[in-house]
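FYI, it's all coordinate maths here, none of it is from the lab. Quantities reported herein were computed from a predicted structural model and do not represent experimental measurements. Neighbour counts are summed over all protein chains in view; Cβ atoms, including those assigned to glycine, are modelled from backbone coordinates with ideal geometry.
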Amino acid sequence: MNDTGKPGRPIIQIRGLRKVFIHGEAEVVALDNIDLDMETGEFLSLMGPSGSGKSTLLHILAGIDRPTSGECWVLGRDIGELGEDELAEWRSDHIGFIFQSFNLIPVLTAFENVEMPLLLTDLSRKERADHVRAALEIVGLGDRMTHYPRQLSGGQEQRVAIARALVTDPDLIFADEPTGDLDARSAEDVLGILCKLNRDFGKSVVMVTHDPKASTYATVIRHLDKGEMLP
C-alpha cells in the first residue's frame, strides 16, 4: 500500500482490525475483524446503534486511539505503527475532527477558537488571520468572529467547530455525531456544510451517526453492529 490521496485512489484501507478494551479481568471486543476501503473524495457515513463500535473506529482512523491488531492505512501510512510524536504531527498535518459537544473554549471568541490549531504552525499572524476568516466565511459566520460561544446558538457553535477543523486545510475530516446536540434546522445546516465541503472543496469526510436522515447526506453508507462491519 503506497501513497494515497489522489482522486480515485484509496484514502483509507483497513484489514482485519480489532480493538479490545480490558476492564478488570474482562475483555470487551469493541471492533472485530474490520475491513474497510474508502476512496479519496467520498463522504462516508458509519451507522450503527449505541455500542456498535462506530465511534471507536472513527477515533482509530483519526489517530486518537490505536487498534489492538490489524492494519489501518490512512493517507498511505499505517498509523498503528507510528510513534506518539509522529502520530501527533500526522494528525496536525492531515486531520480535522468535529465533536458532538463542540469542544469550544468559552473564554475565546469564535475567531480565537478557530485560530487555535494554527498556533502550532509557522504561519505569520496575518496568514493565520486570513485562514481563520476564510474558514468562518465558508461556514457562514463571517459576521460572528468576535462572538463568544455563549453568544452563539448551538448550531452556530458547531459551525465554529467545523471552521476550526477546516482551518488547517486537512485531507480528511472526521465528524462524531455532529448533529447529536442540535435541533432539526441546525442539524440540516451543519450537514449541508459537510456536504458542501465534500462536493465543492473536495474534502474526504467520515461521519459517525445513528440518524438515518443524517446519513442521506453521505455518498457511501456502511453499517456496524456489535463491533462487526455488516456486508
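Ordering of 205-218, 110-123 by packing is 205-218, 110-123, highest average first (other Cβ atoms within 10 Å, averaged per residue).
Mean residue ellipticity at 222 nm, helices only, the chain: -9000 deg cm²/dmol; runs of at least 4 DSSP H residues each add -39,500 (n - 2.57), and the sum is divided by the number of residues. All other residues whose Cβ lies under 14 angstrom from that of Thr121 are scored, Lys and Arg at +1 and Asp and Glu at -1, for a net of -2.
Sequentially through segment 120-128, phi angles give Karplus couplings (6.51, -1.76, 1.60; θ = phi - 60°) of 8, 9, 8, 5, 6, 4, 5, 4, 4 Hz, Gly and Pro residues having no value and appearing as x.
The GNM of the chain, with springs linking C-alpha atoms under 10 angstrom apart, assigns the highest mean-square fluctuation among Ile193, Ile79, Ile105 to Ile105. Listed by chain and number, the lysines whose alpha-carbon sits under 27 Å from that of Lys19, ignoring those within fewer than 8 places in the same chain, are Lys54, Lys226. Listed by chain and number, the aspartates and glutamates whose alpha-carbon sits under 14 Å from that of Lys196, ignoring those within fewer than 8 places in the same chain, are Glu42, Glu137, Glu188. Remark on the chain: Rg and Dmax equal 17.5, 54 Å (Cα only).
Taking neighbour counts of Cβ atoms within 10 Å as a proxy for exposure, in what order, fewest first, do Ile11, Ile22 appear?
Numbers: Ile11 23, Ile22 9.
The order, fewest Cβ neighbours first, is Ile22, Ile11.
Taking 0.36 nm per residue of separation and subtracting the current Cα-Cα distance, fully stretching the chain between Leu108 and Arg18 would add 28.5 nm. Taking the chain as a Gaussian network, Cα atoms linked when under 10 Å apart, which of Asp37, Asp85, Asp181 shows the biggest mean-square fluctuation? Fluctuation is largest for Asp85. Taking 0.36 nm per residue of sequence separation and removing the Cα-Cα distance, the Asp32/Trp90 pair yields an extension gain of 18.3 nm. Close amide-amide hydrogen proximity is noted between Ala175 and Ile98, Val206, Met207, Val208, each under 5 Å apart and 5 or more residues distant or on a separate chain (H modeled in the peptide plane; Pro and chain starts excluded). Kindly state, to the nearest 0.05, the FRET efficiency for Glu71 paired with Thr146, given R0 = 45 Å and r defined as their beta-carbon distance. Once rounded, the FRET efficiency stands at 0.45. GNM remark for the chain: springs join alpha carbons under 10 Å apart, and the peak mean-square fluctuation among Lys19, Lys126, Lys203 falls on Lys126.
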